[in-house]
Amino acid sequence: MLRHRPFSLVFVLFLLAFSVSTGSAAAEVQSLTLSQAVQLARQRNPDLLMMKNQVATAAESLRLKETALQPSLDLNISASERFTESSVTVDGKSDAIASSLNSSLNLYRGGADLAGRRSASFSLAADRYTLRRSEQTLLLTISSGYMQALTDRALIVVEEENVAVNRQLEERISALVDAGVNPISDLYQQQAATAQSRLNLLSAERNATVSRMQLLQAIGIMPDTEVDLKGPSAPQLFLTEITLPASGGTRPDLLATVEAQAAAQARIEQAQAGRWPTIDLTAALGSSYNSHSSGSFSNQFSDDNRYASIGVSLNLPFFDRGQNRYSVATAQIAAQNSRLDAEKLKLAVTGDIAQAEAELRMVRQQVEVTTRQLQSAQEAWAAQSERYRVGASKLIEVTQARTSLVTAKYDEIKAHYALLTRSMALFQARGDDAAMEALLNEWEKQ
């Protein structure tokens, strides 16, 4: 299971701060790092909490199966008062008290109880592996959402710069038009470009709000909570090569299928046990008192009416109208489906790892390419701006250079933030807890 780092005092205070309702519009903005987001998600994510409840339910089911091999013990006490017509010798009113201590022990069920206990044990192990896989998936989800929120926030800065540059260019062109140097069409064209940049800024702000709210929802925090996401504006993630299995055979969900198949086989044995007879050992100890009987309460209850019994019961299932046959058949079909699920997952794991490796290679190349692309776009923009200033180029060329520069900034930002997401996706596809934690720590060092 993913290792939980100890809470620092700062993080505890941070967690308590998020527990308070944020109904006031002027609520204080809380800072949130990626590690804090992951810790909060482990505490609050509804899906993960429900999976933990499922594990707890499976543990209780195993305890119940284990107690089936133990004897039962019941104490029964009854008291009654009866009214009938009185006679010369008998009073019409009578009191009666009875008590008994009963016990039964399952001697033989055809192996059903043992098979049931094995099935519950395997099911619990499968649920624990599933919980571990859910934690890995949650870590990927929170990391991806966090990177998307940081990406969208960084793109707002790009659009704000673009709006400022377009306004400056519009003012310059307006002065040139007033001086009769440039045609009025250049001003109209630039005004349209400025308006478009403002529209792009509004869209970027909307995307940042949506991605932040989606992240908070995934964590388990109210989406309208005001938070300040902490992260580098230009992340540089240098990953150390970690030796990992090439097959992904350690993935928790694969291990869960192994346990699920064992549980399904145990359920077949449990169903087949219905063909065999059952033997139970019973014992009872009791006494009673009746006011119509001779003797005092003490004599009747302690001496006269005491009894003890012990016996063995045998139940032979001669004809159950096909119920046992149906139970065995459905258990066998369920076991076959469990094997098919395992085969299906093995194929999916191979594909997941191959796809994640390919995407990570592509992102690493994109980081290099977009960095060079941005440098070229900046040089092209500077050159076109200077040429337009001296009248050596047209406005359309300047606009194209500016658009290329904004696009290059977009691509460079997305590639750098995607590096962590795609690296985390690869480790999640392989099911490596340690690598995911190491990557998270690598990010927090920046």
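If I filter region 285-295 for residues that are among the hydrophobic types (A, V, I, L, M, F, W, C), in contact (Cβ under 8 Å) with a residue 40 or more places away in the chain and surrounded by 13 or more Cβ atoms within 10 Å (Cβ to Cβ), do I get at least one hit?
The answer is yes; a qualifying residue exists.
For region 298-315, state whether one or more residues are among the small types (Gly, Ala, Ser) and touching a helix residue (DSSP H, G or I) at 6+ places or on another chain (Cβ under 7 Å).
Within region 298-315, the first condition is being among the small types (Gly, Ala, Ser), and the residues that meet it are 298, 302, 308-309, 311, 313.
Imposing the further condition that a residue be touching a helix residue (DSSP H, G or I) at 6+ places or on another chain (Cβ under 7 Å) reduces the set to none.
The answer is no; no qualifying residue exists.
In region 346-398, which residues are surrounded by 19 or more Cβ atoms within 10 Å (Cβ to Cβ) and farther than 21 Å from Leu420 by Cβ?
Across region 346-398, the qualifying residues are Val349, Ala377, Trp381, Gln384, Tyr388, Leu395, Val398.
So if I check each of Leu34, Leu48, which one is surrounded by 10 or more Cβ atoms within 10 Å (Cβ to Cβ), at pLDDT below 95, of a type in the set (A, V, I, L, M) and in contact with a helix residue (DSSP H, G or I) (Cβ under 8 Å, 6 or more places away or on another chain)?
Values: Leu48 fails: at pLDDT below 95.
The match here is Leu34.
Can you run down the residue pairs with Cβ atoms below 8 Å, 6 or more apart or on separate chains, where the first is in region 371-389 and on the phi < 0 side of the Ramachandran plot and the partner is outside any helix (DSSP H, G or I)?
Filtered contacts from region 371-389: Gln384/Ser393; Arg387/Ser393; Tyr388/Lys394.
All but one of (1) modelled with pLDDT of 95 or more; (2) of a type in the set (D, E, K, R); (3) surrounded by fewer than 17 Cβ atoms within 10 Å (Cβ to Cβ) hold for Asp224; which doesn't?
(1)
Test of understanding: among Thr130, Thr137, which residue is farther than 30 Å from Thr67 by Cα and among the hydroxyl-bearing types (Ser, Thr, Tyr)?
On the way: Thr130 fails: farther than 30 Å from Thr67 by Cα.
Unique residue meeting the criteria: Thr137.
Please verify whether Arg339 is at pLDDT 95 or above, over 30 Å from Leu405 (Cα atoms) and either assigned to a helix (DSSP H, G or I) or in the same structural domain as Leu405 (by TED's automatic domain parsing) (or both), treating the condition exactly as stated. Quick ask: steps written out before the conclusion?
Working: at pLDDT 95 or above: yes; over 30 Å from Leu405 (Cα atoms): yes; either assigned to a helix (DSSP H, G or I) or in the same structural domain as Leu405 (by TED's automatic domain parsing) (or both): yes.
Against the criterion (at pLDDT 95 or above, over 30 Å from Leu405 (Cα atoms) and either assigned to a helix (DSSP H, G or I) or in the same structural domain as Leu405 (by TED's automatic domain parsing) (or both)), Arg339 qualifies.
Out of the residues in region 231-257 that are within 28 Å of Thr33 (Cα to Cα) and at pLDDT 90 or above, state the one that is surrounded by the fewest Cβ atoms within 10 Å (Cβ to Cβ).
Pro252
Under 9 Å between Cβ atoms, at least 6 apart or on separate chains: pull out the pairs that start in region 134-153 with a residue that is in contact (Cβ under 8 Å) with a residue 24 or more places away in the chain and charged (D, E, K, R) and end on any residue that is part of a helix (DSSP H, G or I) and crowded, with 23+ Cβ neighbours inside 10 Å.
Asp152/Arg212; Arg153/Arg212
Give the residue, chosen from Val328, Val349, that is in contact with a Leu (Cβ under 7 Å, 6 or more places away or on another chain) and modelled with pLDDT of 90 or more.
On the way: Val328 fails: in contact with a Leu (Cβ under 7 Å, 6 or more places away or on another chain).
Only one candidate qualifies: Val349.
Of all residues in region 98-138, which are of a type in the set (Asp, Glu) and either outside any helix (DSSP H, G or I) or out of contact with any Ser or Thr (no Cβ under 9 Å at 6 or more places or on another chain) (or both)?
Residues of region 98-138 that are of a type in the set (Asp, Glu), as a first pass: 113, 127, 135.
Scanning region 98-138 gives Asp113, Glu135.
Which one is nearest to the chain's Cα centre (by Cα) among residues in region 309-322 that are surrounded by 11 or more Cβ atoms within 10 Å (Cβ to Cβ) and farther than 18 Å from Asp113 by Cα?
Asp320
Counting only residues that are more than 30 Å from Gln272 (Cβ to Cβ), in a loop (DSSP other than H, G, I, E, B) and modelled with pLDDT under 85, how many does region 283-325 have?
7
Using beta carbons and a limit of 7 Å, which pairs, at least six apart or on different chains, have the first residue in region 172-200 and in the same structural domain as Leu395 (by TED's automatic domain parsing) and among the aliphatic types (A, V, I, L, M) and the second one in a helix (DSSP H, G or I) and loosely packed, with under 13 Cβ neighbours inside 10 Å?
Close Cβ pairs satisfying both conditions: Val177/Ile184.
The values are calculated or read from the model by the stated rules, or taken from the named source; none is laboratory data. What you are looking at is a predicted structure, and each value in this text was computed from that prediction instead of being measured. Cβ: placed from backbone, ideal geometry, glycine included. Neighbour counts: every protein chain shown.
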